[in-house]
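The structure that follows is given in the form of structure tokens.
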Amino acid sequence: MNDAVATWLYAVAPTAGTSVPAGLKGVAGEPVRVVEGAGLSAVVGSVPLSDFGEEELRAHLEDLPWLEAAVRAHHWVIDNAARSGCVVPLRFATMYRDDARIRSLLDERRADFDSVLDLLAGRTEWGVKAYVDPQAFVPDSPGDRTGGHSSPGTAYLLRRKEQQRGRETAHVRATECAEAIHAALAELAVRTAEHPPQDARLAEYEGWMVLNNSYLVPDPRVEEFAAAVASLEQRFPEIRLELSGPWPAYSFTAISDSGQDSGQEGESRAQ
Amino acid sequence: MLSEEPIGGDEPVRGDEPVRRPSRALESRQVALVDLLDRLLAGGVVVTGDVTLCIADIDLVRISLRALVASVREEWIAGGGGRDAGGTLQGTGGRYDRQ
């Protein structure tokens, strides 16, 4: 029987009457539409419960090609909705029984959405990742003095110990550079958020990822922010920086009373 | 125009070059899936929906990470893999733990 649908919520825009590009399709390939309420617009789509019911969705999430397509579709809709102005992106897989429930959500949470929209207006999220080759931070070794009087076993252990110490020192040094980079970038942002370092194989890099942060940057300072990234890369030649964006402000949407926070958000100084 | 493009159907482009241009830089290349997952599964406004009753955010992240890990492992095995193809991804050198 299962042709029942739920309403998948992508984003909320600050005014009624927001439009989305004609033909825009969502996570289920469904047409994306707008539901209005409380002076806000919700960007939504109807998705079949046969694929998006709790159990079905849970199974799909373990299936990487499915997950990738759905995550990209969710992002695609939000990115398109954001072209016509500031929107609040919703967490992936936020669904309601029907449009009426969406309207009551807009009603009940109007103040929350307004405060997030206030924070995001005229600002954009940018991502910065920093990679290091640990070798570049390992202190020069005093030379290989493994001959001497030590037995081969002792020499081996000493060498291992020295390597271990070198690695720790490298880690401390790399972390200090990452902190300096973050501090310089935070000066230009109104908020910052930390993401955990990505797995090396999944993200396809070598060495260490010492920074994986998001910055909420006022639009007039975007050029300055990009220039800062470039000049920091010159100041720390042993660190490779990667700028990504503009992102819909996924990392800066904590609604005060939900008790949920997106990463560790921090206040910054810029206006 | 924009809306006619297929969703998620493009061949992923893994540019090695860092994005430099600040304006609409994402348009020029496909967003990395890992970057999307960082943001989509742990970010965005959280409101309590009706349908996906209790896929808590932490579960969402864990579940999808399992999918990622499993798929990488499959690729490794299919491609002849490495010695540690079946090993845990947590222990790779790329991990950097902020205290």
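The values are calculated or read from the model by the stated rules, or taken from the named source; none is laboratory data. Just so you know, these numbers come straight off a predicted model, no measurement behind them. Cβ coordinates were reconstructed from backbone atoms using ideal geometry, including for glycine residues, and neighbour counts include every protein chain displayed.
What is the one condition in (1) in contact with a helix residue (DSSP H, G or I) (Cβ under 9 Å, 6 or more places away or on another chain); (2) among the basic types (K, R); (3) part of a helix (DSSP H, G or I) that A:R101 does not satisfy?
It is condition (1) that A:R101 fails.
Do you know which residues across region A:91-126 are in contact with a Phe, Trp or Tyr (Cβ under 6 Å, 6 or more places away or on another chain) and more than 15 Å from A:E36 (Cα to Cα)?
First pass over region A:91-126, keeping only residues in contact with a Phe, Trp or Tyr (Cβ under 6 Å, 6 or more places away or on another chain): A:95, A:102, A:125-126.
Matches in region A:91-126: A:M95, A:E125, A:W126.
Within region A:48-71, can you find the residues that are crowded, with 23+ Cβ neighbours inside 10 Å and either modelled with pLDDT of 90 or more or of a type in the set (D, E, K, R) (or both)?
Matches in region A:48-71: A:A70, A:V71.
If you don't mind, another one. Just one of the numbered conditions (1) farther than 24 Å from A:E125 by Cβ; (2) assigned to a helix (DSSP H, G or I); (3) not aromatic (F, W, Y) is not true of A:D140; which one?
The failed condition is (2).
Okay, residues lined up against (1) more than 33 Å from the chain's Cα centre (by Cα); (2) surrounded by fewer than 18 Cβ atoms within 10 Å (Cβ to Cβ); (3) aliphatic (A, V, I, L, M):
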site: A:A100; (1), (2), (3): no, yes, yes
site: A:R123; (1), (2), (3): no, no, no
site: A:V128; (1), (2), (3): no, no, yes
site: A:P152; (1), (2), (3): yes, yes, no
site: A:A155; (1), (2), (3): yes, yes, yes
site: A:Q164; (1), (2), (3): no, yes, no
site: A:V172; (1), (2), (3): no, yes, yes
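Do you know which residues across region A:12-31 are over 23 Å from B:R66 (Cβ atoms), buried (at least 17 other Cβ atoms within 10 Å of the Cβ) and within 9 Å of chain B (Cβ to nearest Cβ)?
Hits for region A:12-31 are A:V12, A:V20, A:L24, A:K25, A:G26.
Filter region A:147-174 down to the residues that are without any contact (Cβ under 8 Å) to a residue 40 or more places away in the chain and touching a Phe, Trp or Tyr at 6+ places or on another chain (Cβ under 7 Å), then identify the one that is nearest to A:L211 (Cα to Cα). Reasoning before the result, please.
Applying the first criterion (without any contact (Cβ under 8 Å) to a residue 40 or more places away in the chain) to region A:147-174 yields A:147-173.
Still in the running and touching a Phe, Trp or Tyr at 6+ places or on another chain (Cβ under 7 Å): A:170, A:173.
Numbers: A:A170: 15, A:R173: 13 Å.
The residue in question is A:R173.
Being closer than 18 Å to A:L9 by Cβ, surrounded by fewer than 19 Cβ atoms within 10 Å (Cβ to Cβ) and either more than 8 Å from chain B (Cβ to nearest Cβ) or touching a residue at least 24 places away in the same chain (Cβ under 8 Å) (or both): is that true of A:D107 here? I'd like the intermediate steps shown before the answer.
On the way: closer than 18 Å to A:L9 by Cβ: yes; surrounded by fewer than 19 Cβ atoms within 10 Å (Cβ to Cβ): yes; either more than 8 Å from chain B (Cβ to nearest Cβ) or touching a residue at least 24 places away in the same chain (Cβ under 8 Å) (or both): yes.
Yes: the conditions hold for A:D107.
Continuing with this model, one more query. Go through region A:64-119 and count every residue that is over 22 Å from A:L216 (Cα atoms) and among the acidic types (D, E).
Residues flagged as over 22 Å from A:L216 (Cα atoms) and among the acidic types (D, E) within region A:64-119 amount to 5.
Quick one: how many residues across region A:80-91 are at the interface with another protein chain (Cβ under 8 Å from one of its Cβ atoms) and either over 14 Å from the mean Cα position of the chain (by Cα) or at pLDDT below 90 (or both)? Talk me through it step by step, then tell me what you get.
The initial filter retains those residues of region A:80-91 that are at the interface with another protein chain (Cβ under 8 Å from one of its Cβ atoms), namely A:80, A:83, A:88-91.
Applying the additional criterion that residues be either over 14 Å from the mean Cα position of the chain (by Cα) or at pLDDT below 90 (or both) yields A:80, A:83, A:88, A:91.
Going through region A:80-91 one residue at a time, the tally reaches 4.
What pairs come up if the first residue lies in region A:192-206 and is touching a residue at least 40 places away in the same chain (Cβ under 8 Å) and facing chain B (nearest Cβ under 7 Å), the second is surrounded by 21 or more Cβ atoms within 10 Å (Cβ to Cβ) and hydroxyl-bearing (S, T, Y), and their beta carbons are under 8 Å apart, counting only those six or more places apart or on different chains?
A:H195/A:S214; A:H195/A:S251; A:Y205/A:Y131
Of the residues that sit in region A:181-199 and are part of a helix (DSSP H, G or I) and out of contact with any helix residue (DSSP H, G or I) (no Cβ under 8 Å at 6 or more places or on another chain), which one is farthest from A:G245 (Cα to Cα)? Write out each step before concluding.
Of all residues in region A:181-199, those part of a helix (DSSP H, G or I) come to A:181-186.
From what is left, the residues that are out of contact with any helix residue (DSSP H, G or I) (no Cβ under 8 Å at 6 or more places or on another chain) are A:182-183, A:186.
On the way: A:H182: 17, A:A183: 19, A:A186: 16 Å.
Selected residue: A:A183.
Sticking with this structure for a sec: From the residues in region A:206-218 that are among the aliphatic types (A, V, I, L, M) and farther than 11 Å from A:V132 by Cβ, which one is surrounded by the fewest Cβ atoms within 10 Å (Cβ to Cβ)? Spell out how you get there, then give the answer.
As a first pass, look at region A:206-218 and keep what is among the aliphatic types (A, V, I, L, M): A:209-211, A:216-217.
With farther than 11 Å from A:V132 by Cβ added as a condition, the list becomes A:216-217.
Details: A:L216: 22, A:V217: 28.
Ranking the qualifying residues of region A:206-218, first place goes to A:L216.
Being at pLDDT 80 or above, outside any helix (DSSP H, G or I) and among the polar types (S, T, N, Q) is the filter here, so list the residues in region A:221-271 that pass it.
Taking region A:221-271 and keeping what is at pLDDT 80 or above, we get A:221-253.
Filter again for outside any helix (DSSP H, G or I), leaving A:236-249, A:253.
Within region A:221-271, A:S244, A:T253 qualify.
Can you tell me which of (1) surrounded by 17 or more Cβ atoms within 10 Å (Cβ to Cβ); (2) closer than 30 Å to A:A226 by Cα is the one A:S115 doesn't meet?
Condition not satisfied by A:S115: (1).
Take A:H75 and tell me if it is more than 30 Å from A:W208 (Cα to Cα) and not assigned by TED's automatic domain parsing to the domain that holds A:F236.
On the way: more than 30 Å from A:W208 (Cα to Cα): no; not assigned by TED's automatic domain parsing to the domain that holds A:F236: yes.
No; evaluated as a whole, the condition is false for this residue.
Quick one: in region A:182-205, which of the residues that are charged (D, E, K, R) and under 22 Å from A:A226 (Cα atoms) is surrounded by the fewest Cβ atoms within 10 Å (Cβ to Cβ)?
Going residue by residue through region A:182-205, those that are charged (D, E, K, R) are A:187, A:191, A:194, A:199, A:201, A:204.
Pick out the ones that are also under 22 Å from A:A226 (Cα atoms) and you get A:187, A:191, A:194.
On the way: A:E187: 14, A:R191: 22, A:E194: 16.
Only one residue fits best here, namely A:E187.
Another one. Name the one entry in A:W66, A:W8 that is without any contact (Cβ under 8 Å) to a residue 24 or more places away in the chain and at the interface with chain B (Cβ under 9 Å from one of its Cβ atoms).
Only one candidate qualifies: A:W66.
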